[in-house]
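Below: one structure, written as structure tokens.
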């Protein structure tokens, strides 16, 4: 039985509120993969994403009688995932390279024409420009010219360990500064379906 429309979702929600495990199973089958893909695009942590989705479906089941869905079931589930991803990032329970990954997606995305993306890219550029000279040079060679640590070390006549230290310092600055602006709205942008 393939269920695709909002009418089908409304029917499944009605059954869910009546305690139908069939409805929960069908909602899960219908949305699990898309929710996982969306959250993993940001977190890049399969286990964390699975945990988030399991938690959302558990809450959906436990709160089935009281749940108020004012838009579509799809919009509700994706909003719940965005919120949980945001909460994970805000709490710091994410992989160390999450902010680097977010920066790369924003900077490398020629298809991201949203004003919000452009503003965020400008913010990243401002942060990078405020880095100390050598640190900024290392970051740009790594992220803009995609040079390896060894290539950067040779070009700047420094050790690879110094390159790593400068990159760590640059990413820490980005993490700290972006942490101030990485809002739920940004998560919504990055997780657009």
Give the whole-number value, in cubic angstrom per residue, of the convex hull volume spanned by the C-alpha atoms of segment 6-91. 90
Note down the nm distance, to one decimal, between modelled labels 7 Å out along Cα→Cβ at residue 59 and at residue 32. 2.0
To make sure I understand, if each residue's beta carbon is the centre and we count other beta carbons within 10 Å, what order do 25, 162 fall in, fewest to most? 25, 162
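Computed from the coordinates by the stated procedures, all read-outs in this text should not be read as laboratory data. Everything quoted here is computed from the prediction, not taken from an experiment. Heads up, the Cβs are rebuilt from the backbone with ideal geometry, glycines too, and the neighbour counts pull from every protein chain shown.
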